[in-house]
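What follows is a single structure, written as structure tokens, with notes after it.
The values are calculated or read from the model by the stated rules, or taken from the named source; none is laboratory data. Source: prediction; values computed, not measured. In this analysis, Cβ positions are derived from the backbone assuming ideal geometry, glycine residues included, and neighbour counts consider all displayed protein chains.
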Amino acid sequence: MSETLPGRMSEVLREPQQDRSRATRQKLLEAALESLSQVGYAATTVAVVAARAGVSRGAAQHHFPTRADLFAAAVEYMTEVRLAEIREQAVGLPSGEGRTEAIVGMLADVYTGPLFKAALHLWVAASTEEPLRQQIVRLEAHVGRQAHRALLEVLEVEERTPGVRETIQGVLDLARGLGLADLLTDDAARRRGIVRQWSLILDQVLAAAR
């Protein structure tokens with residue numbers, strides 16, 4: 001029995017270390033997204049992110065050996081946060097009449113927030129940096145599939161009916177476009193009208209699918 005004590009002690013010691021490691025990683029990812037949103041890609045270096053996160057540069061490079069690794073992980077983390085927001089907010093949305101408009105409006109809000117601005121800076125940088133582009137393209141494909149499934153889920157519709165898949169993708173593209181329109185000026189007033197009209201179109205498609 002005494003022979004198992006060192007193993008148990010090492011497990012106990014490892015758990016706090018793993019917790020600290022996860023906490024440090026999350027701080028770095030949040031700092032990277034915050035910096036991207038506020039100052040852009042060029043100014044968001046590993047050193048800047050480490051300083052924002054309150055950790056050493058060495059600790060940052062331990063988790064993310066290269067800048068591209070950091071930003072790829074940030075995109076993945078951003079996806080998890082974005083989808084969690086959609087599902088969490090969907091729980092409190094009204095049922096029946098007005099639900100579709102509330103969902104589309106919620107999606108538009110997600111795509112006009114700081115996470116979308118951070119993603120936009122990465123897309124622009126990835127268009128000219130091949131290593132980053134390869135990682136972002138792969139992750140964005142995953143992001144797109146996850147967002148598509150999440151929207152089907154909150155709208156309570158299946159995509160087997162012809163036209164539903166394309167319509168859902170259109171909603172996501174619309175939300176992305178509204179995010180771009182809001183980047184330089186407050187586009188909230190015009191956005192409300194577009195969300196309302198698009199929701200009427202979406203309701204017609206969903207009614208046929210259901």
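Quick one: what pairs do we get from the stretch 133-157, first residue assigned to a helix (DSSP H, G or I), second loosely packed, with under 13 Cβ neighbours inside 10 Å and at pLDDT 85 or above, C-beta under 7 Å, 6+ apart or different chains?
ARG133/SER127
Take ILE201 and decide whether it is at pLDDT 85 or above, more than 24 Å from ALA73 (Cβ to Cβ) and touching a His at 6+ places or on another chain (Cβ under 7 Å).
For ILE201, the condition - at pLDDT 85 or above, more than 24 Å from ALA73 (Cβ to Cβ) and touching a His at 6+ places or on another chain (Cβ under 7 Å) - is not met.
Would you call ALA118 hydrophobic (A, V, I, L, M, F, W, C) and farther than 25 Å from THR24 by Cα?
no
Out of the stretch 87-104, which residues are in a helix (DSSP H, G or I) and surrounded by fewer than 19 Cβ atoms within 10 Å (Cβ to Cβ)?
ARG87, GLU88, GLN89, VAL91, ARG99, ALA102
Would you say ALA72 is among the aliphatic types (A, V, I, L, M), over 23 Å from GLU130 (Cα atoms), in a helix (DSSP H, G or I) and at pLDDT 80 or above?
No, not satisfied.
Output the residue which, of all residues in the stretch 124-147 that are exposed (fewer than 15 other Cβ atoms within 10 Å of the Cβ) and over 13 Å from the mean Cα position of the chain (by Cα), is nearest to VAL39 (Cα to Cα).
The selected residue is VAL124.
Only residues that are buried (at least 19 other Cβ atoms within 10 Å of the Cβ) and among the polar types (S, T, N, Q): list them for the stretch 65-81, please.
Within the stretch 65-81, just THR79 meets the criteria.
Could you list, in sequence order, the residues of the stretch 166-192 that are touching a residue at least 12 places away in the same chain (Cβ under 8 Å), assigned to a helix (DSSP H, G or I) and of a type outside the set (A, V, I, L, M, F, W, C)?
Once the filter is applied, which keeps residues that are touching a residue at least 12 places away in the same chain (Cβ under 8 Å), assigned to a helix (DSSP H, G or I) and of a type outside the set (A, V, I, L, M, F, W, C), the stretch 166-192 yields THR167, GLN169, ARG176, GLY179, ARG191, ARG192.
Assess whether LEU107 counts as being touching a Phe, Trp or Tyr at 6+ places or on another chain (Cβ under 6 Å) and in the same structural domain as ARG138 (by TED's automatic domain parsing).
No; evaluated as a whole, the condition is false for this residue.
Just give me the residues in the stretch 97-123 being free of Cβ contacts under 8 Å to residues at least 40 places away in the same chain and closer than 17 Å to GLN204 by Cα, in sequence order.
GLU97, GLY98, ARG99, ALA102
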